[in-house]
Every structure is written in C-alpha cells, then in structure tokens.
Amino acid sequence: MAGQIHFMVDFENTRSRGLQGADYLLPEDVVTIFYSQACMKIERRWFCRIQEAGCGFHICKLQKEGKNALDFYIASRIGELYGSGYTDKIAIVSNDAGFRAVRDYWKNCTPVSRDIILRPDIEQCIAASGESSCRQRQISRGRQEISLEDEYQRYIEHQRLRRKLEDNFGDTEYACLIEQIISMVESPKPRKILYLDSVKQFGREKGLKIYHKVRQIL
C-alpha cells in the first residue's frame, strides 16, 4: 500500500530537476516547494503534473536572504508537522548533504524514531520510500537495465509485424483495430489460444474473420 508522502522540495538547490517523478504523485501526497527570489521559475510540465495528480500543493517563499536560510525553513516545517501529530513519511528533495543532520536527529535523537527520506528528486524519494505500491513497481520496472541489442531486435520485429498487418488490414473494416490486433499476435501462442483471444476481443463474427486473416500472415 502507498501511504502519504510529504515532499519538501529544496527548490533553490534542485530547481525543476527535483520535480522529476511528479507524474507518480498520488492524491494523498503533499508537495511543498520552498523557494527564494533567486529561483522563481518552474518548468511548466512539472507544474502541470503536480496539478494533474490532485495532491496537496503549497509553496513557501524565503522572506529574508541568508546562508542556509531555506534549509532552516524546511527543518522548521518538519518539526511543525511532527509536532502536530503527523505520522506518515516525509521526503526532503535536495542534493544538500546538510539535511543528513535533520534526518539523523529525527531517526536517533527523539523518543519516537522517524525515517526521513533524502533524495535529489521526487522519483528517487518514492523509490527509497520502501512502500509496496503500483507506483513503486512502475519506477523499479522503468529503472531495470535491459539488453539494448535484444530490445532492438524486438523493436525491429514489432515494426515488421505492424507493416504486414497494415498491408493486410489497412483497406478493410478492421483498419481501426490494428493496434489491438498487434497486441494480440505479438507474443507467439498456439492457434487455439490465438483463436480464443480473437473471439474474446472482437466478438465471434469479427474475431473469426480476423483470426483467419492473421493466420494467413503469420
């Protein structure tokens, strides 16, 4: 299950790079961007992703410039949250190693240990959260290293199959179904399974006609 994560974004440190992974945000999450006069611009794509997620969203502007001032804002906000009884995860989105002190304090120096995540962007924070969720699996799958040559061969085969199907179905009433047909036949399967899949997806009459046409191609 994915619990709430409150992302504290050190925008002065990460700028828009820290918002990478905003497309994985859930409605129960909260994003607070801490920024200063020196960093007033945000990439439109990430701002739109935050809006589309429907999560809680706040901004907090530094009032007076000073060394590490924005860091103190973030540390103060964390104390405020925990002091109000907040028990879900907190993630500091920053490259600033100084936040390790904040993380260590809440983990080791308080009666109730709190694990604060410290990573340079939202995606890495979610990956390090330890939650068992669909978004965690999506991120893990996306980061999985695969063989360039093997994947390229699959790509070539996919393109070859698409051209064949377009040549045979392009001028028929089934032209609009080519994407579904490709998905159905891309993985090798016995004729009986292919027939059953075709009937299940397209209905008995259409499915039977598509099946026979596909059998002529494969």
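The values are calculated or read from the model by the stated rules, or taken from the named source; none is laboratory data. Not measured: the values here are computed from a predicted model. Reconstructed Cβ throughout: ideal geometry from the backbone, glycine too, with neighbour counts over all protein chains shown.
Okay, here's what the table says:
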quantity: Identity of the residue in the range 1-30, at pLDDT below 95 and not polar (S, T, N, Q), that ends up farthest from residue 53 (Cα to Cα); calculated: 1
quantity: Search result, residues across the range 36-86 that are of a type in the set (Ser, Thr, Tyr) and either at pLDDT below 95 or over 24 Å from residue 128 (Cα atoms) (or both); calculated: 36, 84
quantity: Matching residues in the range 78-121 - criterion: being acidic (Asp, Glu) and farther than 21 Å from residue 26 by Cα; calculated: 80, 96, 104
quantity: Residue within the range 71-83 that is more than 17 Å from residue 32 (Cα to Cα) and not acidic (Asp, Glu) present; calculated: yes
quantity: Selection count, the range 20-62, where residues are within 22 Å of residue 72 (Cβ to Cβ), crowded, with 20+ Cβ neighbours inside 10 Å and aliphatic (A, V, I, L, M); calculated: 2
quantity: Answer from 69, 75 - the residue that is over 25 Å from the mean Cα position of the chain (by Cα) and either of a type in the set (Ser, Thr, Tyr) or closer than 16 Å to residue 31 by Cα (or both); calculated: 75
quantity: Single match in 192, 206 (criterion: in contact (Cβ under 8 Å) with a residue 12 or more places away in the chain and either within 33 Å of the chain's Cα centre (by Cα) or not assigned by TED's automatic domain parsing to the domain that holds residue 21 (or both)); calculated: 206
